[in-house]
1. Could you work out how far helix B:10-19 tilts from the main Cα principal axis of chain B, as a 0 to 90 degree angle to the nearest 10?
2. Report the one residue of B:Ala263, B:Gly106, B:Val38 whose Cα lies farthest in the direction of the positive end of the charge dipole of the protein assembly as shown (charges on C-beta: Lys and Arg +1, Asp and Glu -1; origin at the Cα centre).
3. Two decimals is fine: what is log10 I(q)/I(0) at q = 0.09, 0.19, 0.22 Å⁻¹ for the range B:175-325, from a Debye sum with one equal scatterer on every Cα and no solvent?
4. To the nearest 0.05, how large is the calculated FRET efficiency for B:Asp219 and B:Thr269 if R₀ is 22 Å and r is the Cβ-Cβ distance?
5. Which value in deg cm²/dmol, rounded to the nearest 500, describes the helix-derived mean residue ellipticity at 222 nm for chain B, given -39,500 (n - 2.57) per DSSP H run of n ≥ 4 and division by the residue count?
6. Take the Cα of B:Glu55, step 7 Å along the line toward its Cβ, and report every residue of the range B:290-327 whose backbone nitrogen sits under 18 Å from that point.
7. To the nearest 20 Debye, how big is the dipole of the range B:214-272 about its Cα centre, given +1 on the beta carbon of each Lys and Arg and -1 on that of each Asp and Glu?
8. How far, in nm, would the chain grow between B:Val67 and B:Arg83 when pulled straight, counting 0.36 nm per residue and subtracting the alpha carbon separation?
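No lab work stands behind these numbers, since they all come straight from the coordinates. All of these numbers come straight from a predicted model, not from anything done at the bench. Every residue, glycine among them, receives a Cβ derived from its backbone with ideal geometry; neighbour counts consider all protein chains shown.
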Amino acid sequence: MTETYSQEVVAAAMQPLAEFDVPPALQASIERHGQALLTLAVSLARAGLPEPEIRTIVDQACASYRDELIAAILALREHDEE
Amino acid sequence: MRNSDKSHDELGRIAALRRYAILDTAPEEPFDKLTQLVRDVLGVPIAAVSLIDTERQWFKSITGVSVCETSREISFCSHAIQRHEPMMIPDATLDARFASNPLVAGEPLIRSYLGIPLTTPDGYNLGALCAIDTQPRHFDASQIAVMQSFANLVLNELELRQIAMSDGLTGAMTRRGWVEAAEREIARAKRHGTEASIIVLDVDHFKLVNDVYGHPAGDAVLRVIAQRCRDALRDSDLLGRIGGEEFAVLLPETDARGAAELAERLRATIAAAPVDAGGIPLRVTASFGICALGDRIRTVEAWLAAADGLLYEAKAGGRNCCRSAVPGQ
């Protein structure tokens, strides 16, 4: 599996995050998460996992982060409105 | 660039762990998902996010065994945090450090271990992400790389939690984050019979600052006051912005006298020098209410209400002063 494929897998997993109105305070976190997912995808490939499994693992790791990100955005908005 | 080695700065490490305000929090799906993935991908029966407290290891997430903490002295991860690279134990029964460990000799019969330190951006190892097998095992380089990637994801989740609990203007905790930390401190203090106190402070005549000099000046005042407070606090104390111009400080293991002394230092520090608000030197002061955790206080709301009552006594008493009490005594 090429690094290009890893990038495609991560980009697809991260796509839903692009629709969020993310406060500046959280932008760096999203970038770090994308980088960590890419490293994960590459390391899974090097460990010999098949492509569909890599896609599933990256999707799951991104989905749990997405839920936490939404909670963080709501918490920051709530605080700003207080 | 790697921060300077802080593996021997235990006080700093514990303070960093406190700042994340995660100990004794409820299970959270993102962490549970990552430990499940570790278990599935590496094919191990046990995986955990272990955080090393002063005398215990506490699991933010663990899969494969049902335990929420162990003593620190039998923790494998307490060894893993002494370094900045992965720690692998292929066979614990052959390792002098662990052969007689009760987790090896008895349940869950640990035989092999891989731990990746969870290192904060400022260089402290809070704990480790670990994979545990009940069979002897050598984890190869590709598996270690996978674990390192999962550890980076865990760390990013920890960072995300902390950002969500931080006030963007002052860097203090948000009200929600501070209240949750205070709830855990009440439970901890009641459980261990230790002291704890809070200080609430409110900037005097803050509305006037905003009305006369504008909101940027008001923001500068809040930023400077938060910084002056942080400079005077211990690493273990938690500063929160709990209202527009109201802050609270949570002081673990501090009695009423210690809290009152600290509040007086904070009051004097804030009043001592003007705040530079866009080139305009503004003299600001604050009023303080200090309340130790007495027997009758069971909730954060009650604790804050008691401290707020004292704060308003300080306001009524002329401002720029402190009032303290120990409820129920």
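1. For B:10-19 against chain B, the angle is about 70 degrees.
2. The residue sitting farthest along the positive end of the dipole is B:Ala263.
3. Log10 I(q)/I(0), no solvent term: -0.27, -1.10, -1.41.
4. 0.65
5. Calculated from helices alone, the mean residue ellipticity at 222 nm is -13000 deg cm²/dmol.
6. none
7. On the way: 8 positive and 10 negative charges, 33 e Å.
The dipole of the range B:214-272 has a size of about 160 debye.
8. Working: separation 16, 0.36 × 16 = 5.76 nm, distance 2.53 nm.
Gain in length upon complete extension: 3.2 nm.
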